[in-house]
């Protein structure tokens, strides 16, 4: 598939006194777009498609990964069982509505029972004569990380003569940031990657990112020294996944009103809110070049009760 566009946003750049480019993975050329779609294009590669004919994966009610996987499975004509670590809602909205429309089988469980439920789903599919493929929640695997290593290379080619000083990205399961970290260090070594946590505390978040980086480096045979300076800022999670707070919601409204850039309260809104505060507090020097990596999330916005 082709890459995603990058564009300069004039109004907010002028207000904040910095230069901001948006890398639009929300426009990734697969229904719903976003970082999960980019990863799945690597995870479900041609070799995998020749070996399997069903999928088991997991996520929450508004998981972008589940939505992307369900659409991919439908396109391939594969059976899909989704293990959902949430209570079944009375009304299906956003990502979950699309997952249901694809005909995927939904099994709702408590979070502690996800692995057991996934193992059972694998066994059930095997007993039905399928050859199922196991994808851990969020596309957390080497192939998912590799997708964003290559995306960093894509970004370098698009920037041409522009030399970015900072790159902001929402960070959840860690594979997106891990791939970007390795790619940026290779292709744009003067750029600082700043991951903004959507749920995890700093210590755990850094551990997971570093683990994914090590696995990708082993896969690539990459000689780059592992960094001790991963930036993973957990100050704007709201205390848990999908939590919101007034300042976040105000930033989302402010961005769309000034730039027609649509963010969501689960992922990209938190990352841009952090970028805004960094700039206002002088942690980004005036005139600096900043990349904001838009990882998608429109359906999270549409399902939100707070906006």
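The values are calculated or read from the model by the stated rules, or taken from the named source; none is laboratory data. Every value quoted in this text rests on a predicted model; they were computed, and no experiment measured them. Cβ coordinates were reconstructed from backbone atoms using ideal geometry, including for glycine residues, and neighbour counts include every protein chain displayed.
Could you tell me which residue of the range 70-95 is surrounded by the fewest Cβ atoms within 10 Å (Cβ to Cβ), considering only residues that are touching a residue at least 40 places away in the same chain (Cβ under 8 Å) and more than 12 Å from residue 58 (Cβ to Cβ)?
Checking each candidate, the answer is 93.
Which members of the range 277-294 meet the condition of being over 20 Å from the mean Cα position of the chain (by Cα) and either closer than 23 Å to residue 148 by Cβ or surrounded by 16 or more Cβ atoms within 10 Å (Cβ to Cβ) (or both)?
Passing the criteria: 277, 278, 279, 284, 288, 289.
Considering only residues that are surrounded by 14 or more Cβ atoms within 10 Å (Cβ to Cβ) and either on the phi > 0 side of the Ramachandran plot or in contact (Cβ under 8 Å) with a residue 40 or more places away in the chain (or both), which ones fall in the range 244-261?
244, 249, 252, 255, 258, 259, 261
Going by what's in this entry, would residue 105 be described as surrounded by fewer than 19 Cβ atoms within 10 Å (Cβ to Cβ), within 19 Å of residue 59 (Cβ to Cβ), over 13 Å from the mean Cα position of the chain (by Cα) and assigned by the TED database to the domain that holds residue 48?
When the stated conditions are applied, residue 105 passes them.
I want to confirm something. Restricting to the range 135-165 and keeping residues that are over 15 Å from residue 6 (Cα atoms) and not in a helix (DSSP H, G or I), which single residue is modelled with the lowest pLDDT?
140
So in the range 155-187, with the set limited to residues that are touching a strand residue (DSSP E or B) at 6+ places or on another chain (Cβ under 8 Å) and without any contact (Cβ under 8 Å) to a residue 60 or more places away in the chain, which one is surrounded by the fewest Cβ atoms within 10 Å (Cβ to Cβ)?
184
Is at least one residue of the range 117-129 free of Cβ contacts under 8 Å to residues at least 60 places away in the same chain, assigned to a loop (DSSP other than H, G, I, E, B) and over 30 Å from residue 284 (Cα atoms)?
Yes, the range 117-129 has at least one match.
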